[in-house]
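Let me begin by handing over the structure; questions about it come next.
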Amino acid sequence: MSVAKLCRRGSWLMLARRGHVLGATTWTHRSLRTSTALYKRDDFSKIVSNEIDKIHKKLKDVMPGSDWSPFKSMDHLPPEHADIVIAGGGIMGWSVAYWLKKMQTKSKAYNVLVVERDPTYSHASTVLSVGGIRQQFSRPENIQMSLFGAHFLRNINEYLSILNEDPIDVQFNPSGYLFLSSEKGAEILEENYRVQREQGAKVTLLSPDQLKKKFPWINTQDVALASYGLENEGWFDPWLLLNALRRKALSMGVLHCHGEVAGFDYVTQEMMTAEGDPVNFKVIKQAIVQTQNSLENQPVECMAVINTAGAWSSKVAEMAGIGCGKPNTYEHIKLPVEPRKRYVYMFNCPNGPGFECPLLIDSSGAYFRREGLGGNYIGGMSPSEEEEPDISNLDVDYEYFQQKIWPLLAHRVPVFESLKVKSAWAGYYDYNTYDQNGIIGTHPLVQNLYFACGFSGHGLQQAPAVGRSVAELLINGQFTTLDLSPFGFQRFIFQQPLLERNIV
């Protein structure tokens with residue numbers, strides 16, 4: 001049976017969550033569990049032997065009166081039960097955790113566990129990003145999410161302050177975004193501008209003459225139109241925001257552990273359509289957590305799981321069977337999120353644009369912004385599909401800057417002819433290959449698995465709004481502040497991409 005027929009509007013599948021399914025017969029209830037790797041007996045013996053040797057050494061060296069104990073603390077292990085397990089402790093995971101605690105009531109209080117595999121955040125997408133925030137999108141929902149993100153940053157101490165701790169400063173630089181368009185894209189820029197103004201964004205259009213007057217260091221030769229953000233756009237320090245959300249959530253009672261979700265225990269209900277086609281509905285009962293400091297997998301009984309695993313979200317989805325069904329069935333549709341490596345280069349140009357420099361997005365796709373006050377800038381450009389770099393590591397290709405990016409920057413800003421690259425880094429986008437927009441909400445067949453992933457580089461600025469909306473969906477059963485239902489998984493079923501014109 002085809003996906004379109006199975007999932008058409010008004011079909012029994014789309015109504016399944018509302019009550020009894022007509023024409024469907026329950027066959028079985030089965031408890032399934034994803035497989036986990038087993039240690040070889042010899043390897044395990046070596047590990048035990050090594051640990052015993054370490055204990056003997058410490059017992060020999062320890063001084064009388066010391067509070068050292070040969071018995072290792074178990075505080076690092078996750079709890080046996082948590083109402084909500086959040087898979088991924090980046091900016092999105094901690095935002096969801098914070099809002100769940102902020103919105104809970106005495107009658108609806110939740111135990112929330114955040115599971116993060118990289119406690120140093122050395123490979124985390126959040127802290128490796130450029131830290132930009134803008135309202136210059138074409139989708140009203142994206143504009144509204146970023147408007148709230150700017151409000152959150154400007155009033156951050158009203159949300160995230162902790163008693164007896166210093167005020168929070170995420171170093172928000174409201175210097176604006178500047179989009180440049182050629183003659184070919186000018187009409188689209190004008191259409192986007194009208195939508196942005198309707199949504200309350202403070203944006204203005206600049207002719208080439210107006211652009212040159214305001215930013216005399218720009219070469220306007222092939223610029224037909226520019227769009228400039230007047231308020232609530234710019235950049236901030238991603239680490240400071242992540243740390244503030246994390247500290248606040250922990251102070252509110254959120255639990256956390258260093259490890260990763262390695263599988264799920266779930267109950268499957270197999271049902272039949274009137275045409276005789278089987279469909280499996282799942283409810284997750286336990287998240288299986290593999291911690292860094294233990295050889296054991298810890299099952300955590302839970303009511304719901306939130307997939308905020310960023311670039312690795314599709315792996316978490318597959319653990320629940322999503323995308324693993326037979327071809328041409330709903331269960332075969334994967335979560336279309338994969339890691340994409342992006343380079344960020346820092347360069348110095350003493351006679352560069354200076355303090356008034358915005359985050360400039362050239363018509364070629366190259367971008368840059370000021371970094372501090374010492375003539376430093378950071379920039380980059382997304383590669384074409386044919387140029388996508390290897391994701392097995394975070395090594396930087398400096399030739400990509402020399403050959404592809406530098407000529408474009410020097411054309412737009414002539415003084416950049418003399419720039420010198422100082423350093424660079426790479427990070428991962430949680431890239432939505434379907435339409436490059438976030439995936440927010442539940443899965444129709446795994447009824448207690450929620451998504452907040454696939455933001456394709458926009459997750460940092462949208463995290464406050466997304467966290468609030470996911471918490472609303474969990475607590476109230478629906479979006480109440482912003483209607484983010486268009487970002488749901490159902491658009492992959494109906495083949496209705498949520499297109500955004502201003503993808504950067």
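The values are calculated or read from the model by the stated rules, or taken from the named source; none is laboratory data. For clarity, every value in this text was computed on a predicted model and none was experimentally measured. Cβ sites come from the backbone with ideal geometry, for glycine too, and all protein chains shown count toward neighbours. Heavy atoms of the whole protein, side chains included, go into the accessibility calculation; ligands, DNA and RNA do not. Shrake-Rupley method; radii C 1.70, N 1.55, O 1.52, S 1.80 Å.
Could you sort 206-212, 173-179 so that the peptide with the highest average Cβ count within 10 Å comes first and the rest follow in order?
On the way: 206-212: 15.4, 173-179: 22.1.
In decreasing order of mean packing, 206-212, 173-179 become 173-179, 206-212.
Taking the inverse of the average 1/r across all pairs of different Cα atoms in segment 265-305, what Kirkwood radius in Å do you get?
Computed over Cα pairs of segment 265-305, the Kirkwood hydrodynamic radius comes out at 12.3 Å.
Something else about it: Residue-wise, which Karplus ³J(HN,Hα) couplings in Hz belong to segment 409-421, taking 6.51 cos²θ - 1.76 cosθ + 1.60, θ = phi - 60°, and x for glycine or proline?
Listing the rounded values in order: 5, 5, 5, 7, 10, x, 5, 6, 4, 9, 5, 10, 6 Hz.
So, one more: If we count every other residue with Cβ under 10 angstrom of Met103's Cβ, Lys/Arg +1 and Asp/Glu -1, where does the sum land?
On the way: positive: Lys101, Lys102, Lys108, Arg468; negative: Glu472.
Once all neighbours under 10 Å are counted, the net charge is +3.
Note down the net charge around Ile391, summing +1 for each Lys or Arg and -1 for each Asp or Glu among other residues with Cβ under 11 Å from its Cβ.
-1
OK, next. Run the accessible area of segment 434-495 with a 1.4 Å probe and give the carbon-and-sulfur part as a rounded percent.
Looking at segment 434-495 in its full context, I get 39 percent from C and S.
Could you tell me how far the Cα centroid of segment 319-394 sits from the Cα centroid of segment 166-227, in Å?
Spelled out, the Cα-based centre of one part sits 20 Å from the other.
Using only alpha carbon pairs under 8 Å that are at least six residues apart, calculate the relative contact order of segment 359-487 and give it in whole percent.
In percent, rounded to a whole number, it is 15.
Figure the gain on full extension for Asn155 and Met272 (residue separation times 0.36 nm, minus the Cα-Cα span) and round it to one decimal in nm.
This chain segment gains 36.9 nm when fully extended.
At a Förster distance of 41 Å, what's the computed FRET efficiency of Trp425 paired with Gln221, Cβ-Cβ distance as r, to 0.05?
The computed FRET efficiency comes out at 0.80.
Looking at segment 285-373, which chymotrypsin sites (Phe, Trp or Tyr not before Pro) are DSSP coil and have at most 13 other C-beta atoms within 10 Å of their C-beta?
Numbers: sites: Trp312, Tyr330, Tyr343, Tyr345, Phe347, Phe355, Tyr367, Phe368; in loops: Phe355.
The qualifying sites are Phe355.
List the GluC sites (Glu not before Pro) in segment 242-275 that DSSP assigns to loop (not H, G, I, E or B) and whose Cβ has at most 12 other Cβ atoms within 10 Å. Which are they?
In loop regions of segment 242-275 (DSSP not H, G, I, E or B), the sparsely surrounded GluC sites (Glu not before Pro) are Glu275.
DSSP loop (so not H, G, I, E, B), at most 15 other Cβ within 10 Å: list which trypsin sites (Lys or Arg not before Pro) in segment 108-199 pass both filters.
Details: sites: Lys108, Arg117, Arg134, Arg154, Lys184, Arg194, Arg197; in loops: Lys108, Arg117, Arg134.
Answer by residue number: Lys108.
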